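The values are calculated or read from the model by the stated rules, or taken from the named source; none is laboratory data. Keep in mind the model is a prediction, meaning the values are calculated, not measured. Cβ sites come from the backbone with ideal geometry, for glycine too, and all protein chains shown count toward neighbours.
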Amino acid sequence: MVRNLVTSLLDHERVETTDAKAKELRRVADRMITLGKRGDLHARRRALRVIREREVAAKVFGELADRYRSRAGGYTRVVKTRTRVGDAAPLAIVELVEPLEGARPAKASTEAPAGRKKARKRAAATAGAAPAKKGRTAKPAARATGKSAAKPSGKKAAAKPAAKKPPAKKSAGRKTSPKKSG
């Protein structure tokens with residue numbers, strides 16, 4: 001049933017169904033569009049397990065993948081509409097959303113995205129300066145306790161060994177107090 005709904009939604013781009021089915025349909029349909037954006041053979045085969053028509057799968061991997069290329073997720077919208085007359089079931093419309101206006105296209109980069117820290121280090125390395133850490137100033141030369149700021153040379157500083165936990169006692173089941181006789 002869900003496979004039929006997903007195929008119809010991706011084909012017609014709008015479906016009316018019950019609210020419970022709509023919530024489940026949204027999860028599966030978003031996953032199919034994400035597979036379409038990946039576009040490789042494995043993604044196509046995974047999508048064809050759910051989508052029942054090859055023409056609809058071609059639409060997902062072609063038209064819909066291009067339409068939602070710059071969108072990170074949330075390709076469908078569920079709008080609650082009315083209650084059905086026969087059984088008073090709450091109905092909802094599931095539809096594909098329009099792509100974001102003015103969104104920039106996704107980068108076609110072969111490099112993995114770098115985090116902020118790495119980007120700062122990389123920018124500082126190209127500028128020839130040391131990377132600036134956020135919220136810190138220069139380190140103090142020595143503490144008031146008399147320790148020197150220089151690290152010991154030669155071997156690594158001796159680290160304290162990790163404290164070992166005592167072995168856990170095995171319980172033999174239910175503990176009972178000894179019974180007093182007579």
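What the table below lists for this structure:
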item	result
Selection from region 3-23 of residues that are of a type in the set (A, V, I, L, M, F, W, C) and assigned to a helix (DSSP H, G or I)	LEU5, VAL6, LEU9, LEU10, ALA20, ALA22
Where a residue in region 14-31 is farther than 13 Å from MET1 by Cβ and its partner, wherever it lies, is outside any helix (DSSP H, G or I) and among the aromatic types (Phe, Trp, Tyr), with Cβ under 9 Å and at least six apart	ARG26/TYR75; ALA29/TYR75; ASP30/TYR75
Residue, nearest to the chain's Cα centre (by Cα), within region 52-77, restricted to residues that are farther than 12 Å from GLY39 by Cα and among the hydrophobic types (A, V, I, L, M, F, W, C)	ALA72
Odd one out for LEU35 among (1) surrounded by fewer than 17 Cβ atoms within 10 Å (Cβ to Cβ); (2) farther than 15 Å from VAL97 by Cβ; (3) at pLDDT 95 or above	(1)
Hits in region 37-74 (condition: under 15 Å from THR7 (Cα atoms) and in a loop (DSSP other than H, G, I, E, B))	ILE51, ARG52, GLU53
Single residue of region 17-29 satisfying the filter (within 22 Å of GLU98 (Cβ to Cβ) and either surrounded by 16 or more Cβ atoms within 10 Å (Cβ to Cβ) or aromatic (Phe, Trp, Tyr) (or both)) that is farthest from the chain's Cα centre (by Cα)	THR17
Options VAL85, VAL79; residue that is free of Cβ contacts under 8 Å to residues at least 24 places away in the same chain, touching a strand residue (DSSP E or B) at 6+ places or on another chain (Cβ under 8 Å), loosely packed, with under 14 Cβ neighbours inside 10 Å and not in a helix (DSSP H, G or I)	VAL79
